[in-house]
Structure formats: structure tokens, C-alpha cells
Amino acid sequence: MKTKREKIVEQISLMDDIRSLSKINIVTCGHCGSIVLHKTEVEEIDCPYCNRTLDVCDCPDYLYDNIENNQEFDEPLSKSEYEKLNTLLRELELKKLMETGYHRISGGFAVSSYEVLDDDRISIELKYGVQSDVDSFVTTQMYNLDRKKFQLIQ
Ligand SMILES: [Zn+2]
């Protein structure tokens, strides 16, 4: 199955074909954001929606260069990635509790959360400390995880 990124790259390639065969480009109006067609040789674009005349360079291509690198085309976590990640997070938490001795202290805790940065990296935040009537302190530690190798990067 194709990834979202592969699919958008295909769209960009089809757009390139349209442009070179028809000499017509599809852009986004730099003023109102509407989709506007124009002949590739023109310098200015007359937007029928907002009725403005704009320089071609102020109207980005509908499928602009590098759009495939946008976060929306990152792959969501697969089920197995998700399970592996959860195991890793529980291990990190447990290791930290043992290291600090907080597992023996009332109100001691270690909790982690993650954020998928892109296809290659996952950011992990580990918060640990003690929260009780007597004590209240938290330390935050950040990790980066190589998503492909599934290894923590220092
Ligand atoms: Zn417009």
C-alpha cells in the first residue's frame, strides 16, 4: 500500500504533467486563497473571486514544491509501533522510578507522553517526582526516539 507521502508525490507529478502539456497552472490566490487557473506565461493573475490583480510570484502553486514534507503527510503510528512505543514508555517510567527510589516513596511517580514529530522521530517527555502532602516536585526529561530503528537518540 502506498503511503500518504507517496500519494501526494504522485499528485505533484500529475500536476507537472498538466502544466507542461496544457501550459496552464493551478495556483492559490495570494489574497483570498481561492484556487485560480492561469496560463503559465502570464506575469499577473486576475483573481475572479476577490477581484484583485496579483503578481504570479504572490500566488503559490496549488501543489507547491515540498508540500510532501508537510506534517499532514506523515504516517500515523501503526498498531505494532504503538504497542512497541507503549512498552518502551512503561520501561522508561519503571527504570526512572527504580533509579530515583521514588517507587518506595508515597506519592512518587513517573509518567511519560509522546509526540510523533515526523516519519523518523518521536519525541518523548518523561515527568517524574513526588506529589504528596509533604513533598511536591517534578523533573522533566526529554528523549528522542529513532522511529525506524526504535532506539533512543541522545
Ligand atoms: Zn483572490
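No value in this document is a laboratory result; all are computed from the given coordinates. Being a predicted model, the structure only gives us computed values, none of them experimental. Backbone-built Cβ (ideal geometry, glycine too); neighbour counts: all protein chains shown.
Which of rounded, prolate or oblate describes the range 4-73 when judged by the alpha-carbon gyration tensor and an a/c cut-off of 1.5? Verdict is oblate for the range 4-73.
In order along the range 47-58, the phi-based Karplus estimate (6.51 cos²θ - 1.76 cosθ + 1.60, θ = phi - 60°) of 3J(HN,Hα) comes to 7, x, 8, 9, 6, 10, 10, 10, 5, 3, 6, 8 Hz; Gly and Pro are listed as x. Each Lys or Arg adds one and each Asp or Glu takes one away; over the other residues whose Cβ falls under 15 Å from the Cβ of Ser80, this sums to +2. Computed from point charges on the beta carbon alone (+1 for Lys and Arg, -1 for Asp and Glu), the dipole magnitude for the chain about its Cα centre is near 760 Debye. Applying the Karplus relation 6.51 cos²θ - 1.76 cosθ + 1.60 with θ = phi - 60° to the range 30-35 yields 3J(HN,Hα) values of x, 9, 10, x, 6, 7 Hz, where x marks Gly and Pro. Helix 79-100 and the longest principal axis of the Cα set of the chain meet at an angle near 40°. Using the Cβ of Asp146 as centre and a radius below 9 Å, the other residues enclosed give a net charge of +3, where K and R count +1 and D and E count -1.
Under 28 Å of direct C-alpha separation, and excluding same-chain neighbours fewer than eight residues apart, Lys84 reaches these lysines: Lys2, Lys4, Lys7, Lys95, Lys96, Lys127, Lys148, Lys149. Each of Asn86 and Gln71 was given a label point 7 Å from its Cα along the Cα-to-Cβ line. The distance between the two points is 2.4 nm.
Indicate the gyration tensor shape class of the range 79-153 (rounded, prolate or oblate), computed on the Cα atoms with a ≥ b ≥ c the square roots of the eigenvalues: a/c under 1.5 is rounded; otherwise a/b larger than b/c is prolate and the rest oblate. Since a/c reaches 1.5 and a/b is larger than b/c, the shape of the range 79-153 is classed as prolate.
Karplus-based coupling profile of the range 135-149, in residue order and whole Hz: 10, 7, 8, 9, 10, 10, 10, 10, 10, 10, 10, 6, 5, 6, 8, with θ = phi - 60° in 6.51 cos²θ - 1.76 cosθ + 1.60 and x standing for Gly or Pro.
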